1. Please go through the residue pairs 228/276; 125/228; 155/183; 125/282; 125/155; 49/276 and name each one whose alpha carbons sit more than 24 Å apart in this structure.
2. Using the 2.2 N^0.38 Å rule of thumb for compact globular proteins, work out how the range 152-306 stacks up: its C-alpha Rg over that value, please.
3. Can you pull out the trypsin sites (Lys or Arg not before Pro) in the range 46-114 that DSSP calls coil and that have at most 11 other Cβ atoms within 10 Å?
4. Which whole-number percentage describes the relative contact order of the range 187-306, with Cα contacts under 8 Å and a sequence gap of 6 or more?
5. Per-residue counts of other Cβ atoms within 10 Å, averaged by peptide: what ranking do you get for 179-190, 22-33, highest first?
6. Rank the residues 174, 38, 58 as a footprinting-exposure proxy: fewest other Cβ atoms within 10 Å of their Cβ go first.
7. Taking amide hydrogens as modeled 1.01 Å from N in the peptide plane, which residues meet the under 5 Å criterion relative to residue 202, leaving out close sequence neighbours?
8. From the backbone phi of the range 47-52, what are the Karplus-calculated ³J(HN,Hα) couplings (6.51 cos²θ - 1.76 cosθ + 1.60, θ = phi - 60°) in whole Hz, Gly and Pro given as x?
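Nothing in this text is a laboratory measurement; each read-out follows from the coordinates by a stated rule. Being a predicted model, the structure only gives us computed values, none of them experimental. So basically every Cβ, Gly included, is an ideal-geometry build from the backbone, and we count neighbours across all protein chains shown.
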Amino acid sequence: MANPRVPYRFSTDRAPLAAPRIGGRARPLIVHVVVNVEHWQFNEPMPRKIITPPHGKETEPDVPNFSWADYGMRAGLPRIMGMLEERGITASTSFNAGVIDAYPRAAEAMRDAGWEFIGHGMHQKSLNVATADGKAGGAGGSAAEEALIRACLSKIEGFTGERVRGWLSPGLRETYDTPDVLKSCGVEYVCDWVIDDLPDWMTTRHGPLIAMPYNLEINDSIVYAVEKHASPEMWTRLRDTVAAFGPELRRHPRVLALGLHPHLIGVPHRIGYLAKMLDLLKRRDDVVFMQGGEIADWYAAACPAK
């Protein structure tokens with residue numbers, strides 16, 4: 001079937017949108033820095049691996065692969081946070097609610113820095129696996145999925161004191177019901193549908209939901225953990241993407257999401273390339289850094305749901 005949530009069209013057929021204005025100047029290149037902060041459970045199979053067992057048999061606990069992620073929470077995340085703070089950039093975090101208990105220092109630091117918390121499951125486990133229910137749940141949706149999502153949202157809201165407005169499913173994996181459940185839970189935007197460089201309205205049983213641009217091409221998980229490129233690759237893709245966007249920005253704004261993970265971009269041999277990416281963007285006079293909720297507000301005002 002074609003996309004069941006967002007009607008198909010050429011991106012060039014969209015009506016022009018007024019770009020956000022900062023200091024009286026239009027800023028059509030909207031940059032959304034998304035730092036994925038996750039809880040990989042020590043007593044569970046690791047969701048992704050940097051090293052396979054030399055003897056061919058998986059083990060639990062998986063110490064080397066757990067340590068890979070744990071390093072990011074201890075050393076990588078402070079590097080990323082310091083780099084963003086030095087440049088006056090406030091990020092969003094797609095956030096496993098379990099981080100609040102597993103890594104309280106990290107959760108507190110991001111909250112105190114004013115980051116927006118985007119729901120990202122309880123632990124780093126896809127919704128299909130976490131609820132053991134990937135089938136369509138009918139008019140009422142999946143009860144197990146709804147219970148999990150509500151628990152995540154409630155836990156984050158209780159910690160930050162702010163309502164959670166956005167969602168990014170672990171691994172971007174949804175069930176058939178996920179957008180319906182998210183909308184019923186009060187979520188305003190979801191980052192799983194990587195279909196355009198601008199937001200779009202999705203249909204759900206409970207009303208419109210914003211499909212927020214995310215990125216699978218300028219995403220350190222894809223670049224380094226899946227495709228296993230050399231350290232400069234993400235910088236190269238960012239530079240070339242910005243160049244391609246140049247002429248397009250005359251007609252339409254563009255949302256450029258940077259998907260980051262502390263255990264990937266936060267290691268010493270890659271962190272300098274993140275600095276280069278941020279500095280390239282900061283030098284431009286057509287760039288604005290926005291959090292997910294700010295982008296959702298801009299889009300809803302510029303293109304109200306019908």
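1. Listed pairs above 24 Å: 125/282; 49/276.
2. So the Cα radius of gyration is 1.12 times the expected 2.2 N^0.38 Å.
3. Loop-located and lightly packed - 57.
4. For the range 187-306, the relative contact order is 26 percent.
5. 179-190, 22-33
6. 58, 174, 38
7. Amide H neighbours of residue 202, under 5 Å, 5+ apart: 209, 210, 211.
8. Here the 3J(HN,Hα) series is x, 8, 10, 9, 9, 9 Hz.
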